[in-house]
1. Find the sum over both chains of the accessible area lost when A and B are paired, probe 1.4 Å, and report it in Å² to the nearest 100.
2. Please label the shape of segment A:111-236 as rounded, prolate or oblate, based on the square roots a ≥ b ≥ c of the eigenvalues of the alpha-carbon gyration tensor (a/c under 1.5 means rounded; beyond that, a/b larger than b/c means prolate, else oblate).
3. Over the alpha carbons of segment B:9-96, what is the largest minus smallest coordinate on each principal axis, giving the biggest first in Å?
4. Place a label point 7 angstrom from the Cα of A:GLU251 along the Cα-to-Cβ direction, then list the residues of segment B:228-249 whose backbone nitrogen is under 18 Å away.
5. PRE reach from A:THR24 (point 7 Å along Cα→Cβ): which of segment A:122-148 fall under 19 Å by backbone N?
6. Quick test of the membrane-span-like rule: which DSSP H helices of chain A reach at least 18 Å along their long axis (C-alpha atoms) with mean Kyte hydropathy at least -1.0?
7. Go through A:MET50, B:MET232 and list them by solvent-accessible area, largest first, probe radius 1.4 Å.
8. Filter the trypsin sites (Lys or Arg not before Pro) in segment B:56-102 down to the DSSP loop ones having no more than 10 other Cβ atoms within 10 Å, then list what survives.
Amino acid sequence: MTHAVLERPDLKSLFNILQKAGYTTIAPTVRDNVITYENVTDQSELPIGMTDDQKNGSYRLKKRKDKSVFGFVVGPQSWKKFLYPARLKLWEAHRNGKSFSIAKPENEEKKLAFIGVRPCEMSAISIQDKVFLKSTFVDSAYSSRREQLFTVIVNCTEPGGTCFCTSMDTGPRAKKDYDLALTEVVKKDQHYFLVEIGSDQGKEIANKLPLKEASEEQVSEADKRLNEAARKMGKALKTDGVKDLLYENAENPHWEKVAERCMTCANCTMVCPTCFCSTMEDSTDLSGEIAERWRTWDSCFTMDFSYVHGGSIRNSSSARYRQWLTHKLGSWQDQFGTSGCVGCGRCITWCPVGIDITEEIKTLQECDSRKSKSN
Amino acid sequence: MNTDPMVPDLFRVQKVRKETLDTFTLELSPKQKKFRFEPGQFNMLYVSGAGEIPISISGNPNQPESLIHTTRAVGSVTNAMRKLKAGDYLGVRGPFGTKWPVDKAMGDDVVIITGGIGLAPLRPAVYDILAKRGRYGNVVLLYGARTPEDILYPKEIMGWRSRFDMDVHVTVDRAAGSWHSNVGVVTKLIPKAPFDPQNTTAFICGPEVMIRFTTQELKKRGLSDDKIYVSMERNMKCAIGFCGHCQLGPYFVCKDGPVFRYDEIKRLLEIREV
């Protein structure tokens with residue numbers, strides 16, 4: 001049975017079964033006028049009948065006309081915050097006389113189940129896997145969380161105003177790396193989830209769910225909605241040759257134009273599901289007996305980020321914006337064999353001045369300095 | 001070595017030696033008797049309560065019983081480090097990064113060009129080359145300092161100068177009348193340095209502006225870009241390619257560097273604020 005159906009009333013059993021299997025269930029819920037991912041124990045806490053209206057620099061939560069459970073796009077925060085926490089204690093040092101001892105904190109990692117992962121976000125998790133698990137070194141904190149993760153995708157039938165996953169080949173339908181994938185279909189007389197199984201542990205959970213065999217019509221209805229979704233992307237980005245474009249246009253005057261708008265606030269890096277930069281914070285207690293090192297998220301938009309004795313390497317906002325965009329779409333490919341962008345559109349929505357990554361690339365493509373050289 | 005590369009090991013301070021007005025050398029003894037490293041690599045040094053910074057190793061790779069770092073007191077961590085005394089402890093993570101191509105350079109003349117504190121990360125390469133002296137052609141050290149008082153390791157430089165199998169040329173930016181040697185930038189020493197440009201490997205460590213002018217001069221002598229190696233400096237927090245701070249174009253200086261073949265990074269050095 002590759003295609004099965006979970007009826008809407010049975011969605012609660014997905015939570016129950018995962019919890020019985022020892023998972024802490026994390027899912028979308030409404031908080032502070034946005035949809036965020038939190039510890040959700042019951043399906044009733046999901047954003048039922050809610051949607052989000054997203055534009056450049058704008059996000060508004062609205063009521064839907066129907067009772068869709070996953071009828072929205074993505075909120076400001078991604079799943080990154082669970083696998084790669086914004087603050088993490090790396091170790092603690094205790095003084096004894098002139099010496100001191102250093103020890104890692106004992107972390108009992110909970111088994112997490114993510115319910116409602118968008119296909120673009122699953123791609124983002126796979127990209128961070130490459131960064132933290134498949135580079136020269138392995139990040140032990142990430143690895144212990146990731147190994148135990150269970151993922152339930154919800155494919156996208158209604159892309160948002162800043163979405164461009166089709167350009168990045170990450171959606172609207174998840175292709176791999178997941179455990180279970182759902183496609184929600186809401187019709188007048190029907191409300192169901194088409195279920196696809198992506199892994200052995202996905203199969204194990206699926207076997208315990210009250211699934212029914214999907215009718216041909218139910219499968220084709222879901223397919224139809226996903227195909228339609230692919231045509232309704234709010235944005236598009238032409239990725240052909242984008243790495244070379246960025247490498248060859250490092251001195252393009254256009255960066256100055258972006259810098260006139262960019263506030264270097266770092267919002268784009270905080271909401272990005274793949275941005276992985278961090279810094280270290282050392283703290284000591286008042287007695288001087290205990291010191292701690294914390295790893296916290298950092299951003300290439302700050303001055304401190306590139307500081308070496310004497311000053312920062314990237315002083316100007318144009319150099320910092322260029323670093324971010326060139327890394328995200330260009331040098332990321334050299335480093336990890338993949339683009340660093342999944343087309344989720346968060347950086348566009350949450351930019352306070354609405355700078356649009358797809359527009360900036362388009363402009364660079366139009367004013368490519370290689371063109372003017374050959375003329 | 002700790003199993004987690006983010007958790008430091010404790011090393012006991014054996015000695016803190018003042019070098020010049022603003023530089024000093026830390027001699028550390030490893031717990032596990034030996035600390036093996038390659039010339040050009042660096043460690044992350046942690047001073048309790050002050051913080052952690054990358055410092056290149058400047059000791060002898062063939063004498064792993066003690067771990068030596070020379071650094072300049074410029075920030076809060078290095079200033080706290082300067083105040084350490086024998087018997088104190090500090091945290092060490094490493095060694096990290098790429099090495100000077102001491103093996104690849106065998107059979108070639110080797111020209112080492114550096115200035116100020118830049119001699120510290122190159123000293124392990126000098127030790128290693130001199131230990132296998134017969135396998136290299138001419139060995140040349142061109143070294144620049146601000147003033148005669150700022151010359152790092154002066155006694156050792158004197159010792160190298162007195163060898164018949166090594167050419168050492170020192171220059172200073174400015175000096176009083178008692179200085180009877182070269183005055184001017186280090187690049188001025190390149191045109192007359194005794195090496196065969198067709199069979200030479202160059203090692204450079206210094207600020208980026210110095211690297212730019214040095215590579216230009218070497219090019220004038222006929223050295224090709226793939227025979228020039230440079231050590232780069234960037235902000236580093238983790239040293240294992242995760243924190244992102246040390247990025248130089250597609251490279252993480254902590255693990256793809258700090259020693260790069262010049263032709264690999266030439267494009268990047270031409271870009272402003274990269």
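The values are calculated or read from the model by the stated rules, or taken from the named source; none is laboratory data. Keep in mind it's a predicted model, so treat the numbers as computed, not measured. Positions of Cβ are backbone-derived with ideal geometry, glycine not excepted, and every protein chain shown enters the neighbour counts. For the accessible areas, the whole protein counts, side chains as well, though only heavy atoms, and no ligand, DNA or RNA atoms are used. Shrake-Rupley method; radii C 1.70, N 1.55, O 1.52, S 1.80 Å.
1. Roughly 3800 Å².
2. It is oblate, given that a/c is not under 1.5 and a/b is not larger than b/c.
3. That works out to 29, 24, 22 Å along the principal axes.
4. Answer for segment B:228-249: B:249.
5. Output list for this probe position: A:140-148.
6. A:119-133
7. A:MET50, B:MET232
8. B:LYS85
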